[in-house]
Amino acid sequence: MRGLARFCAGLRGWRRAVLAVLLGAGTSLAFAPFFLLPLLVVGFTGLAWLLDGARRAPAAFLVGWCFGFGHFIVGLYWIGHAFLVDADRFAWLLPFAVSLLPAGLAVFAGLVTLIVHLVGGGRWRRIAALALAWTLAEWFRAH
């Protein structure tokens, strides 16, 4: 496990972004209709490891944003179906809806990882900060 944690923390650039998107997408599969709950553990563990490698605040935000984008683009796939009800009129809006809405919602995840980065401290403190900040972000997003 330590080798995998070091590998994730050592990723830079597009490789880190792609892994964050994939981990976020995997967490969406833990919810209905798939219910693959272990993917939540995998996804958030990977997110924590990626954050271990974020040396500066913008990098921490970007990791969270990418994670959130993957999470929401998979989790909100169903919104695209509404544009196909009257496809002759609204199908052209489909790419915008299924990409821009997740991109905007991903800002919440980016703010969560930014907060975790700013809190700093030991591993358990950051894990607690991640759990608390994610919970609060979900509450704010719901309201």
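Restricting attention to the range 35-50, and to residues there that are among the hydrophobic types (A, V, I, L, M, F, W, C) and under 12 Å from the mean Cα position of the chain (by Cα), which single residue is farthest from L114 (Cα to Cα)?
L40
With respect to the numbered conditions (1) within 19 Å of R16 (Cα to Cα); (2) surrounded by 19 or more Cβ atoms within 10 Å (Cβ to Cβ); (3) of a type outside the set (D, E, K, R), which one is the sole condition not fulfilled by G75?
Checking G75 against (1) within 19 Å of R16 (Cα to Cα); (2) surrounded by 19 or more Cβ atoms within 10 Å (Cβ to Cβ); (3) of a type outside the set (D, E, K, R), the one that fails is (1).
For L39, state whether it is modelled with pLDDT under 95 and among the hydrophobic types (A, V, I, L, M, F, W, C).
So L39 fails the test.
When F72 is evaluated against the numbered criteria (1) closer than 20 Å to A5 by Cβ; (2) at pLDDT 95 or above, which criterion, by number, is the only one it fails?
(1)
Among the helices (runs of 4 or more DSSP H) confined wholly to the range 1-114, which include 3 or more residues that are under 28 Å from A128 (Cβ atoms)? Can you show your working first?
Values: elements: 2-10, 13-28, 38-52, 57-75, 79-82, 87-90.
Those helices (runs of 4 or more DSSP H) span 2-10, 13-28, 38-52, 57-75.
Could you check, for the range 50-68, whether at least one of its residues is aromatic (F, W, Y), over 19 Å from V98 (Cβ atoms) and surrounded by 19 or more Cβ atoms within 10 Å (Cβ to Cβ)?
Yes, there is a match, as at least one residue in the range 50-68 is aromatic (F, W, Y), over 19 Å from V98 (Cβ atoms) and surrounded by 19 or more Cβ atoms within 10 Å (Cβ to Cβ).
In the range 12-34, which residue that is more than 13 Å from the chain's Cα centre (by Cα) and touching a residue at least 24 places away in the same chain (Cβ under 8 Å) is surrounded by the fewest Cβ atoms within 10 Å (Cβ to Cβ)?
R12
The values are calculated or read from the model by the stated rules, or taken from the named source; none is laboratory data. Since the model is a prediction, treat every value here as computed from it, not as a measurement. Glycine also receives a Cβ, built like all others from the backbone with ideal geometry; neighbour counts cover every protein chain displayed.
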